[in-house]
Amino acid sequence: MIKAILFDFGGVIYQHPKEVIPEVLARIYGQPVDITIKEYGKYKDDYFTGKLSTTELIKSLSTTFNSTKSTQEVQELWLKHYSELAKPNNEVLEIIQNLRKKYKVYLFSNTTEMSNMHNSKTGLYDYFDGLFLSYRMKMKKPKEEIYEKVISEIEFEPQECIFIDDEPKNLEPAKNMGMRTILFDVLINSPVKLREEIKKLS
């Protein structure tokens, strides 16, 4: 019997470019996206796992791109451009609202301090019973330990959970633990498909 449903964030709830942070950085620093992908890529893993702070990241990138913008100015521009590029899918939010009448619903996401800052202001987190964010947990999907930590904290058996993600590699550890999984990409798939898949599994 299903008791809990875990949602990934970007690509499942939020519609944004796959390389949304490099897109944001390209706008801030006036650089081509392929250049910001390459430079940000040097820090991405450490940033997503909280080993590198936003301030440290910005200082490194500003040095690379010879920018005189202050850390605060970069943060303000980051939030501005991110909010322009990343929008929640309202149909998916409606699905989550309805699911909460019957199940515990959690957000389980590889995410960053800046994305968290944005989400905290939008009310998005109010849709969930709990948050599992990689930068806070100091590890990220698809590392097996993060799934074990999540299961331990929500106190449900893996077989009682559905996990939804837009990346096949992130579903594999969940499957191996015994969770039921759904591959869903909001940029490609209709929320109707998501609703049907959840209904089928639950």
**Request:** Within the stretch 38-68, track down each residue that is charged (D, E, K, R) and either within 13 Å of Arg27 (Cα to Cα) or within 16 Å of the chain's Cα centre (by Cα) (or both).
**Result:** Lys44, Asp45, Asp46
**Request:** Kindly list the number of the only condition in (1) among the β-branched types (Val, Ile, Thr); (2) out of contact with any strand residue (DSSP E or B) (no Cβ under 6 Å at 6 or more places or on another chain); (3) over 17 Å from Ala174 (Cα atoms); (4) at pLDDT 95 or above that fails for Thr122.
**Result:** (4)
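The rows are residues; the columns are (1) open to solvent by less than 50 Å² (accessible area, probe 1.4 Å); (2) among the small types (Gly, Ala, Ser); (3) assigned to a strand (DSSP E or B); (4) without any contact (Cβ under 8 Å) to a residue 60 or more places away in the chain.
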site: Leu131; (1), (2), (3), (4): no, no, yes, yes
site: Arg136; (1), (2), (3), (4): no, no, no, no
site: Lys140; (1), (2), (3), (4): no, no, no, no
site: Glu145; (1), (2), (3), (4): no, no, no, yes
site: Asn170; (1), (2), (3), (4): yes, no, no, no
site: Asn176; (1), (2), (3), (4): no, no, no, yes
site: Thr181; (1), (2), (3), (4): yes, no, yes, yes
site: Glu196; (1), (2), (3), (4): no, no, no, yes
**Request:** Test each condition in (1) open to solvent by less than 10 Å² (accessible area, probe 1.4 Å); (2) closer than 18 Å to Thr64 by Cα; (3) part of a loop (DSSP other than H, G, I, E, B) for Val12 and report the one that comes out false.
**Result:** (2)
**Prompt:** Restricting attention to the stretch 104-115, does a residue exist that is touching a Leu at 6+ places or on another chain (Cβ under 8 Å), in a helix (DSSP H, G or I) and β-branched (Val, Ile, Thr)?
**Reply:** no
**Fill in**
Listed by range, helices (runs of 4 or more DSSP H) wholly within the stretch 25-75 having at least 3 residues that are modelled with pLDDT of 95 or more and open to solvent by 80 Å² or more (accessible area, probe 1.4 Å) are 54-64
**Message:** Here is a list: Glu23, Glu113, Glu39, Glu94. Which entry is acidic (Asp, Glu) and within 16 Å of Lys140 (Cβ to Cβ)?
**Reply:** Glu113
**Message:** Tell me yes or no: at least one residue of the stretch 94-116 is closer than 16 Å to Phe184 by Cβ and among the acidic types (Asp, Glu).
**Reply:** yes
**Prompt:** If you scan the stretch 84-102, which residues turn out to be open to solvent by less than 40 Å² (accessible area, probe 1.4 Å) and either farther than 30 Å from Ser202 by Cα or small (Gly, Ala, Ser) (or both)?
**Reply:** Leu85, Ala86
**Item:** Restricting the stretch 147-168 to residues that are assigned to a helix (DSSP H, G or I) and touching a residue at least 60 places away in the same chain (Cβ under 8 Å), the residue that is nearest to Phe48 (Cα to Cα)
**Value:** Val150
**Asked** Does any residue of the stretch 69-85 turn out to be at positive phi and either touching a residue at least 12 places away in the same chain (Cβ under 8 Å) or not acidic (Asp, Glu) (or both)?
**Response** no
**Complete:** Selection over the stretch 116-129 where residues are open to solvent by 10 Å² or more (accessible area, probe 1.4 Å) and closer than 19 Å to Ile21 by Cα yields a count of 6
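The values are calculated or read from the model by the stated rules, or taken from the named source; none is laboratory data. Small disclaimer: the values here were computed from a predicted structure and weren't measured. All Cβ positions, glycine included, derive from the backbone under ideal geometry; neighbour counts span all protein chains shown. SASA here: full protein model, heavy atoms, side chains in, ligands and nucleic acids out. Shrake-Rupley method; radii C 1.70, N 1.55, O 1.52, S 1.80 Å.
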